[in-house]
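Every number here is computed from the coordinates shown, using simple stated rules; none is lab data. These numbers were taken from a predicted model, which means no experiment stands behind them. Here the Cβ positions follow ideal geometry from the backbone for every residue, glycine too, while neighbour counts run over all protein chains shown.
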Amino acid sequence: MDIERLDTMAFDGYGSHGLTMTEVEPGPGIRVHVARFLPGGVLGRHRAGLQQRFTVIAGTGWVSCDGRRVEISVGDSVVWQVGQEHESGSDLGMTVLILQRMST
C-alpha cells in the first residue's frame, strides 16, 4: 500500500474565486480533480479543453451552459463536450469530482 499526500491549491483561473483544486490523477488522456467550492465560490466561464464530467459528491450548487443555469446536488453529473463554454458555482458550498478525458 502507498499513501500519497496530494497538493491542494486555490484556483483563480477564468476569474474564479472561493475554489480549491486537488489534482488526483494527471495521467495521459485523462485528468481527475476534486474541486471544493466555498459558499459563494465560482469556477469562471471557460471552454472545455477536454470532455469533462462534473459530479457533485457533497453540497449543492449550479452550472451554466448555453444561457441556461441549472441547480445541482449530490449524485448529479454534468458532461460538457470539447469547446462548450460553461460556468459553475455554489451559494452554500459544494465538492465535485471532475473527470476530463480525450473525446472518443
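Quick one: grab the alpha carbon gyration tensor of region 31-76, order the square roots of its eigenvalues as a ≥ b ≥ c, and give me rounded if a/c is under 1.5, else prolate or oblate depending on whether a/b is larger than b/c.
Values: a/c = 1.42, a/b = 1.12, b/c = 1.27.
The shape class here is rounded.
Please report, in debye to the nearest 20, how large the charge dipole of the chain is about its Cα centre when each Lys and Arg carries +1 at its beta carbon and each Asp and Glu carries -1 there. Present the calculation step by step, with values, prior to reporting the outcome.
Values: 9 positive and 12 negative charges, 46 e Å.
Charge dipole, the chain, about its Cα centre: 220 debye, nearest 20.
Mind listing the phi-derived Karplus ³J(HN,Hα) values for region 69-76, rounded to whole Hz, using 6.51, -1.76 and 1.60 with θ = phi - 60°, and x for any glycine or proline?
Once rounded to whole Hz, the list reads 10, 10, 6, 9, 8, 3, x, 6.
If you take the charge dipole of the chain about its Cα centre, with +1 on Lys and Arg Cβ and -1 on Asp and Glu Cβ, which of V24, S64, G75 is farthest toward its positive end?
S64
For region 1-48, which chymotrypsin sites (Phe, Trp or Tyr not before Pro) pass both filters: DSSP loop (anything but H, G, I, E, B) and at most 11 other C-beta atoms within 10 Å? Please list the in-between numbers first.
Numbers: sites: F11, Y14, F37; in loops: F11.
Sites meeting the loop and neighbour criteria: none at all.
What does the convex hull of the alpha-carbon atoms of the chain project to on average, in nm²? All intermediate terms of the calculation are to be shown ahead of the outcome.
Details: hull surface 28.2 nm².
Directional mean of the projected Cα hull area for the chain stands at 7.1 nm².
Bin by bin, in steps of 5 Å, what percent of the Cα pairs in region 1-55 do you find, going until the bin that has the longest distance?
4, 16, 23, 28, 18, 7, 3, 1
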